[in-house]
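Q: One structure is given below, represented as structure tokens, and several questions about it will come after.
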Amino acid sequence: MNVEPTKGHASDPTKIRVLIADDHVTVREGLSAIKGRQSDMVVAGEAADGRQVVELWRVHRPDIVLLDLRMPMLDGVEAMDAIRRIDSQARIIVLTTFDTDRDISRAIAGGARGYLLKDAQRDELLDCIRDVHAGEIRIPISLVAKLATSVSSEEMTARELDVLKLLAYGKSNKEIGAILFVSETTVKSHLRSIFTKLKVLSRTEAITVACRRGLVQI
């Protein structure tokens, strides 16, 4: 759904023009209603997928983009990359339900100026928009701490990730070995390395931490 800039406000320098990108219509409508009630904001457009948000950004050049991470056509980070290739100074705030280490690190590496979860309070969201528009970066301390923990951890090898994913699916060492064509001894060696890198002591802990960090999805 496309929304043209509101007449009378589109060129008003006192208004923060916000482009909303989310594949759920109820979310878009809710966010649009909140912005519409603010004297210093106006909705510049609404996008239902990643490709559309890039197209609308080209047309409207909004001051702020509110961007979900999981969308069809292009995901949030891919859309962000496309926008920032046009303008490296584009101000984008990620508004999502996902807070795994991988999601956070991809968004920040992609150039997000803000990162909020959808359960954030309305005033927190509005303050974030105003602060990012003013040139600030708004990443909640709790998410920064989560990212710092992730960055400090050693990276998994491709084979360790294979083992970890099969572990998350409930496979035994014997089954993992058969699927990956390696011995049980080799599987145990990979598990020891995985436990060390994740700083855990058990298979259950490994799966829990891996899911939280976005390394596996079950």
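Just so you know, all these numbers are worked out from the coordinates, no wet-lab data involved. These numbers were taken from a predicted model, which means no experiment stands behind them. With ideal geometry, Cβ positions are generated from the backbone for all residues, glycine too; neighbour counts draw on all protein chains shown.
Q: Taking all pairs of distinct Cα atoms, average 1/r, flip it, and tell me the Kirkwood hydrodynamic radius of the chain in Å to one decimal place.
A: Every distinct Cα pair counted, the radius reaches 19.0 Å.
Q: Can you check what the net charge comes to around D75, using other residues whose Cβ is under 14 Å from the Cβ of D75 (Lys, Arg +1; Asp, Glu -1)?
A: -3
Q: Determine the relative contact order of the chain: mean sequence separation of Cα pairs under 8 Å and six or more apart, normalised by residue count, in whole percent.
A: Worked out over the chain, it gives 14 percent.
Q: Can you check what the net charge comes to around D123, using other residues whose Cβ is under 15 Å from the Cβ of D123 (Lys, Arg +1; Asp, Glu -1)?
A: +1
Q: Right, another one. For the chain, which span is the longest to avoid every loop-located (per DSSP) member of chymotrypsin sites (Phe, Trp or Tyr not before Pro) having at most 14 other Cβ atoms inside 10 Å?
A: Longest site-free region, per DSSP loop and neighbour criteria: 1-168.
Q: Here's another thing I want to ask about it. Just want to confirm a number: the relative contact order over the range 83-205, from Cα pairs under 8 angstrom separated by 6+ residues, in percent.
A: Numbers: 98 pairs, mean separation 22.9, N = 123.
The normalised contact order for the range 83-205 reaches 19 percent.
Q: Under 20 Å between alpha carbons: how many lysine pairs meet that in the range 153-212, if sequence neighbours fewer than 8 apart on the same chain are excluded? The partial results should precede the final answer.
A: Values: K165/K174; K165/K188; K165/K197; K165/K199; K171/K188; K174/K188; K188/K197; K188/K199.
Pairs that pass both the separation and distance tests number 8.
Q: Still on this structure, please answer the following. Counting other C-beta atoms within 10 Å, which of D49, D68, D103 has the fewest, and how do the rest follow?
A: D49, D103, D68
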